[in-house]
Each structure stands twice: as structure tokens, then as C-alpha cells.
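Beneath this line is the structure, given in C-alpha cells, with notes to follow.
The values are calculated or read from the model by the stated rules, or taken from the named source; none is laboratory data. Being a predicted model, the structure only gives us computed values, none of them experimental. No Cβ is skipped: glycine too gets one built from the backbone with ideal geometry, and neighbour counts run over all protein chains shown. Accessible surface is based on the protein model in full, side chains and every heavy atom, while ligands, DNA and RNA are left aside. Shrake-Rupley method; radii C 1.70, N 1.55, O 1.52, S 1.80 Å.
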Amino acid sequence: MNLSDLIRCPVLDTSERRIGKLKDLIVTLDAPHPNVVAVIVRVDRGSTLRFPWKDVQEVETTGITLSAIDSTPNEFEAGEKELLLARHVLDSQIIDIRGKRVVRVADVDLVRRSGKLRLAGVDIAIGTVLHRMGLGRRRERLPAHYIDWADLHLTSHRGHEIQLQTTAAGIHRLSADELAAIVKRKPRYKKVLSARRRAPS
Amino acid sequence: MRRRKTKGGARRRRRAGFIALAAVVGPGVLAGLSDDDPAGITTYSILGAKYGYTLLWVLLLSVGALIIFHELCARMGIVTGQGLAGLVRERYGVRLAAGGLFILIIANIGTTCAEFAGVAAALGLAGVSKYISVPIAAVGISLLVLKGSFHRIERVLLLLSGVFVAYIISGFLAGPDWAAAAKGLFVPTLPLTREAILVATATVGTTLAPWGLAFIQSYAVDKRLQPKDLRYERIDVIVGAVMTGVIGFFIVVACAATLHESGSSINDASDAAAALKPLAGNLSAALFGAGLLGAALLAASILPLSTAYSVGEVFGYETELDDSVREAPLFYGTYAAIVVISVIIVLIPGIPLIPILFLTQALNAILLLPLLLFIYGISRDPDIMGEYANKGKVAILSMIAIALIGVCVMALAVVSLI
């Protein structure tokens, strides 16, 4: 399942009444392939609400159904260690740890696993970018254009800070020399190198 | 003994400061100087010829806005290591980034046409046909970008921009009314006519050009500047913007002192240069022409570069000037396409270049608004900028600048539709 197909799809309650549109999905980086823990819905009246994953009954690209709605759902606020997939990952620049290059996320890959939605990886194909712009169909993805979540590092300020704190983060697998090669291209990421030197092995 | 040590220490620190500044200088100065391109020169000349010294305050405010937004863009480039178009995609998504890129490409092709038109006009003053001067200029600057290494390109472009001192000399030779100039600079007056508002809007659009914003950010990234260089980069930006303002000021003043006084009108930059001849002598006109040519070549090399950077960023292919053609086909392909399309348009027999020149500057001003809003939004985002996010006085000033430009564009829309 692709994140870009889910974002902005309608969110309904059990009586098929429209609540709003899906704005984002939240993950916390507690595993190499973390599960979605909450959904963010932009209500038609304008406010933004957060629903925990347990309230989600069904997820399809045609729409999302919520099984139970709290009479007072929480106004959305991002927790300190929370990553928003559309806001912080989609279209963000990342370091591809295996390919040792800096690329941009064209789409986020999610898989359904025992009633949960798991963050699998990202797609970096230029064809996907064109498809999202409305120019062309989605094509079959080549292996070279897929990066497993465990093999990437977010370069945005927030993404970098959050990911660095997880020992599961792929960036910790890079040797100092490999990191130095990336840092040469993007000297701004010297922070990553020095953090790597300080991080637990 | 202790006193001598302290003196030596202070001198060493000053020298280290200058060396650090010299290493960083480039993006701000280049972006600032390239604002005085043929479109800018024509716009400033019209400003001076039609309205004398009275609209100099528009130039002053535009330069103020230039400092604010060039600093923000350079800061974003240094902190994130990404170009403007890439950050727009990161923060606002693929669709908005694509829309912005499309309009940017159209405006950039238009302005590149104006640069080659400037080359044609400048060398036309010396009797060279545009069918010779324009292709040679296009090939020359393309080779410079394609074959030269980053440092060589930067050095040559900075050297080219030294020709701009010609405008300052030209301005003094014209013998202006300095008191009137000072008044025009600090006392805002604006006749509420369509023409005046159009000229004011075009002045904003040519000084605070969209491509300049994207360029300064990409160049800061390409130069691998880091947060520790921020202080020196700010100086570089201010110096570049002030140079734009000073050169623009002398163009306005020169035309105000000669063409406005004699009631002559100008239709393009070469008219301005030719018109200065009987009033201020052969030297003035020749210097003006030389400055025009230098400005045209400088901007003609930067514009396609800026566009190529932006295209690559939106599609996720970030490139650097040091990459070879084989490593970065999209980058060099975009560069070549912009140059070729612009040259073809300029060489169309009988094409009216003045409407292109002026229209693209007005389009620049209109395009500026969404772009400045993007810049404001991205620079304020702590998720992207961390501790370097735009806040406090600069944030307020940038909002005020956007509001003023919005008023300008709206006024233009209103008077155009009446």
C-alpha cells in the first residue's frame, strides 16, 4: 500500500458518515519496521484530530473506516518521538545507507500485517514522482528504486534527531569511513558522523 | 610581554576572519550583482527616465526585501543542504512543487531571453548583428559552465561582475541633482496611474527576482557552506544586495539627470546608452554599454544554472557543478534547453523584445508571492530548520515585506482590469 494513495482519502464512521480526510499517519521508531500507532484526520469543519490505531476498523485506498469514535477525540499534537509519515518522510531527503547516496522519498511503502499497518520502506523512482504529479501511470518498481526502512536515515532536523536515538537505525551500521564519504558530499551531515562516533555500537 | 601577545592575537583573529569571509564570498555577491541584468537595467532606466528621482524609494525598499529574503534562502541552504525547490517539495509536496517549478521555468526562459536581448543590444551599439553576437555568447557561457570546474566558473563570473563599476562612473558623469535624489530615496510618493504602478511592480520583480532566490540557496549548498559560516554568509548577502542597490541607484540617477530632464523616452537599455551620448559624452555611453554586456553575460550564465538546479531538486536528483555530464544528464539537459530555447526566441526576425523584457519582470513580481510564502513557511519550520528557524524581528520584517509586495501586485491587478 502506498502512502500517497491513502493521504486525503475519506475517513468514515461505521454508519458510513464522512468525518473528514486522512491527513497523516504516526509511527514511533521502536522497531526496524515500526507499526502505525495513530491516524490524523482533518475534519471537514477544519480542525485536526488524532485517533489511535485501535479505533481504525478498515484501511483501503478508497477510504478508512473508524470503528469507535471517542465523544471527545484529541486535538492533534505531535509527540516528541513521533514521526509523521506524510509530513516528515514523504518527499523528504534521505541517506540511502546501502547505496551510499542522498535521494528523495517519492512514496512510502506500507504493508498490512496481522491487523496492523507496518512501515516497510520507501520508493525513490522518478516515475512515481511523475505519477503523483498526474503525469503517467504508476509503474512496476525496480529493486534499485526501493529502500528498506532499516536502510535509510532521514536528513531533516527532526527526522535526524528522532532516528539517531534508535539503536535500530541503519545509520549506526555505517562505518566512519562510509559516513565520511557521505559527509563529503553533504558536509551538513557532519552531525551524523560525530553522533555515530558517540553512539553505542 | 603580555601586551604584545594580546596585540598579535587580535591581529591574527582579524586575519582569520577576513580569510574565512573570502572563502565564503560568492553566493550573495553573485546573486546580488546578477540582479542588475538587462531587464533590471531597462526597468531602472525607465524608472529614472519617466519619473526622475521620485520613485527611488521603491528601489530602496526592494533592496531591503532583497537582504531579508536572500539571507533566509542562504540560511535554508546552509542549514538543510538542500535547494529551494527541493525544500518546497519536502514541506508542501510534489504537486505544489511542480506548479511552482513550471511557473519558474516559464519566467526563467523569459528572463534568459531578456539577457540575450541585452547581449544583442549592447553589441548592437558597436554595430554587431544579433545573429553573430547571441550564438557566440550562448556557446561561450555554456562552455564555461559545462567544461569549467566550480572554482574556475566562480572566479570568472566574479571578475565579469567587476565591470559594474561602469554604471557608477556613468552616474557621476551625468551630473545629477543629489538633493532631489536623496528626497526620492526617503520620501515615498507614487502617482496612482497604471504605468507608475507597473513600473514600481516591475522594479520589485526585477530586484527581488525569483530565480535569484533559488540561485543563492543552491549556490550556498554547492559551495558546501556550513552553519559555522552563517555569520560570513550574512555579510556576503548584505554586500551583494547593497551592490545591487548602489548600481541600480546610479542607473536611475543617470537617466533621471539626463533623459528625464530632456523629456526623452527610452524603449530599451540600448536607447538609454545611446541617449546618454549627446548629453553626457561618448565615454558615458560606451561605459554603459560595457556594463550592460557584462551584466547580460553574468545573468545569462546564472539563470539556466538556477533553473537546472531547481528541476533536479524537484525530481529528487540533486547535482553539483562538479558532476560530469554523464553523471547528471537532467541537470545539463535542462541547462542546454533553457539556453537553446531562449536563443531561438531572441533570434526570431522582428520579434518585439521590449514586451518580453517588461512582461517577464511583472511576471516575476506576481510569481514572487507564492514563492515568498513558501520561503516564509519553510524558514519558520523548526522540524526542518531546528535552532536556525526564522523567528523574532526577521520573521516580522519578512511578513511585512510580503504584505507590501502583495499590495503592489494587487494594485497592479486592479489598475490593469479597470
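When A:Asp96, A:Asp30, A:Asp24 are checked against the criterion of being surrounded by 20 or more Cβ atoms within 10 Å (Cβ to Cβ) and closer than 25 Å to A:Ser156 by Cα, A:Asp24 stands alone in meeting it.
Every residue, every condition in (1) touching a Ser or Thr at 6+ places or on another chain (Cβ under 8 Å); (2) modelled with pLDDT of 90 or more, yes or no:
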| position | (1), (2) |
| --- | --- |
| A:Pro34 | yes, yes |
| A:Val89 | no, yes |
| A:Ser92 | yes, yes |
| A:Ile95 | yes, no |
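If only residues of the range A:137-159 that are assigned to a helix (DSSP H, G or I) and away from chain B (no Cβ under 13 Å) are counted, the one that is surrounded by the fewest Cβ atoms within 10 Å (Cβ to Cβ) is A:Pro143. For the range A:85-106, a residue qualifies if it is more than 9 Å from chain B (Cβ to nearest Cβ) and closer than 17 Å to A:Leu22 by Cβ, and the qualifying residues are A:Leu85, A:Val89. Restricting the range B:354-384 to residues that are crowded, with 22+ Cβ neighbours inside 10 Å and within 14 Å of chain A (Cβ to nearest Cβ), which is nearest to A:Arg158 (Cα to Cα)? Once the filter is applied, the top-ranked residue is B:Ile384. Applying the set (1) touching a helix residue (DSSP H, G or I) at 6+ places or on another chain (Cβ under 7 Å); (2) surrounded by fewer than 21 Cβ atoms within 10 Å (Cβ to Cβ); (3) small (Gly, Ala, Ser) to B:Ala328 leaves exactly one unmet item: (1).
The number of residues in the range A:110-136 being open to solvent by 20 Å² or more (accessible area, probe 1.4 Å) and acidic (Asp, Glu) comes to 0.
Filtered by the rule that a residue be more than 13 Å from B:Tyr376 (Cβ to Cβ), at the interface with another protein chain (Cβ under 10 Å from one of its Cβ atoms) and crowded, with 24+ Cβ neighbours inside 10 Å, the range B:71-93 gives B:Gly77, B:Ile78, B:Thr80, B:Gln82, B:Gly86, B:Arg89, B:Glu90.
On the stretch given as the range B:207-241, residues that are modelled with pLDDT under 85 and of a type in the set (D, E, K, R) total 3. Scan the range B:152-169 and give yes if some residue there is open to solvent by 40 Å² or more (accessible area, probe 1.4 Å) and modelled with pLDDT of 85 or more, otherwise no. No - not one qualifying residue is present in the range B:152-169.
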